[in-house]
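Shown next, in structure tokens, is the structure this report addresses.
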Amino acid sequence: MPLPHLAYAVHMSVGVRRGRLRTIGSRWAHLILGGALLMPFYLLASVAAPLLVDGADPLREAPWQFIAFGCALPPAALAALLFPLLRPLEATAVRSLCGVPAERLADGPALSWAARRRSALWFVAHLLAGGVVSGMTLTAPPAAVVLILLPLSGPLKGVVPDWMRALPVAYGPLAGLGLLALVVGTAWAAGALLARCAPVLLGPTPADRLAAAEHRAADLATRNRLARELHDAVGHALSAVTLQASAARRVLDADPEFVRQALAAIEDTTREAVAELDTVLGLLREETETDTGRPAPAPGLDALEALLDRTRAAGVRVRVTVEGRWADLPPMVSREAYRIVQEGLSNALRHAGPVPVRLRLRRDERELTLLLENPMPGDHPLSGEDPPARSGGGRGLHGIAERARLLGGEATAGARDGVWRLTARLPLPGAEPDTERGTAGETAGETAGEATR
């Protein structure tokens, strides 16, 4: 092996050994911490033993010390059951000292009884192993030093225990080194065992995983809802402003009056867009209250005329047909219908330009149906120049489909015979499901030409 490679291998080997030594040392510190946590319960058992049993003396007699040690564990388990915050405290210690990855441990209090039982079992195991290793750490090293120095110090033979005097002098150093090795091996084995058991006893329970999954799902649903609101509210305004600015630029010198009208329309459109943006951002900040203390409402179909006026100001002729009463629609259906119409008009502005658009709203006892049609780009003499291609599109149709599904309905879109059609069916709350699908005749075949806009 070349010399540089040999040096690198030696360096890596030394680094690995240092890392292992640091791990053993930190796990040893974790065990000593367990012994320290055991002391209050041990002292309680040592005080209670003489009161309950005549002649019991845990402070002087070794058998009673082991009995007090065992009697200290049940109160520790009871404390762990009654103290839910013990789990995050122990998990923090395990992450810091035992090298267990954070994602394998729970990060919240033990709220369920299953989680508390696991925490109690872990606490007892930690205190049991910590008490054993702490006791060995306090007593074994001094005895090992005496054994190692026994051949060199004859006067020590008068003060050492009987079992040490019974050893041959030559075996003293070997016994001392063996005793130190026993302490190190016990600490290493106990630390490794606790590190392996920590994810099982301190990790998330099935209830914790279910709660975390529900929280992630709710957070994702909120983010998707806010993304739809931003896309629909701001996208429509930007599309209208783009067409108005483009038209004003082309006739800047020939028709100043039209330019002034276009600039006024741009001002009105951006003002409305800023108001809607404030509403959506208020949802994000959870500060949607107006000066009256009531939540700022999202626009519904009652604001449809203003939306159509802004669209017409961009040069798009919109013809509206209304069938049935829709002024008393449920607020949720009205809001989602408004957003669907807004996104449909935005798609027409972005991809077809100033072409005629036909909007039809029909309400019956079961559902509200929206139908929006416009010629495809280049198929109408008023379309003018082809709109510039956009990258990253298609989110609007996905948002429309999500809005319809949230209400139990459906939305389809596609091109047929040079006409783009967007159809949405929004069931009304409390209505019976429409098994015959009255609008199937209108929507049949549209999914075959479904495309992304």
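Here, each number is a calculation from the coordinates, and none is a lab measurement. Please read all numbers here as calculations on a predicted model, not as lab measurements. All Cβ positions, even for glycine, are placed from backbone atoms using ideal geometry, and neighbour counts span all protein chains on display.
Brief remarks follow.
- Size of charge dipole - region 330-377 - debye, nearest 20, with Cβ of Lys, Arg +1 and Asp, Glu -1, no other charges: 100
- Region 307-363, dipole about Cα centre (Lys/Arg Cβ +1, Asp/Glu Cβ -1), debye to the nearest 20: 160
- Surrounding net charge for residue 28, when Lys and Arg each add one and Asp and Glu each subtract one, Cβ distance under 15 Å: +3
- Summarising the amide proton neighbourhood of residue 320: residues at separation of 5 or more, or on other chains, whose placed amide H is nearer than 5 Å comprise 359.
- Under-5 Å amide H pairs with residue 409, H placed in peptide plane, nonlocal only: none
- Projecting label points 7 angstrom from Cα along Cα→Cβ for residue 81 and residue 245 puts them 6.9 nm apart.
- Overall, the anisotropy analysis places region 200-279 in the prolate class: the square-rooted eigenvalues a ≥ b ≥ c of its C-alpha gyration tensor yield a/c not less than 1.5, with a/b exceeding b/c.
- When each of the peptides 77-84, 349-356 is scored by how many other beta carbons lie within 10 Å of its residues on average, the order from highest to lowest is 349-356, 77-84.
- Peptides 333-343, 243-253 ranked from most to least packed by the mean count of surrounding Cβ atoms within 10 Å: 333-343, 243-253.
- You can think of it this way: the chain between residue 188 and residue 332 has 45.6 nm of extra reach, that is 0.36 nm per residue less the Cα-Cα gap.
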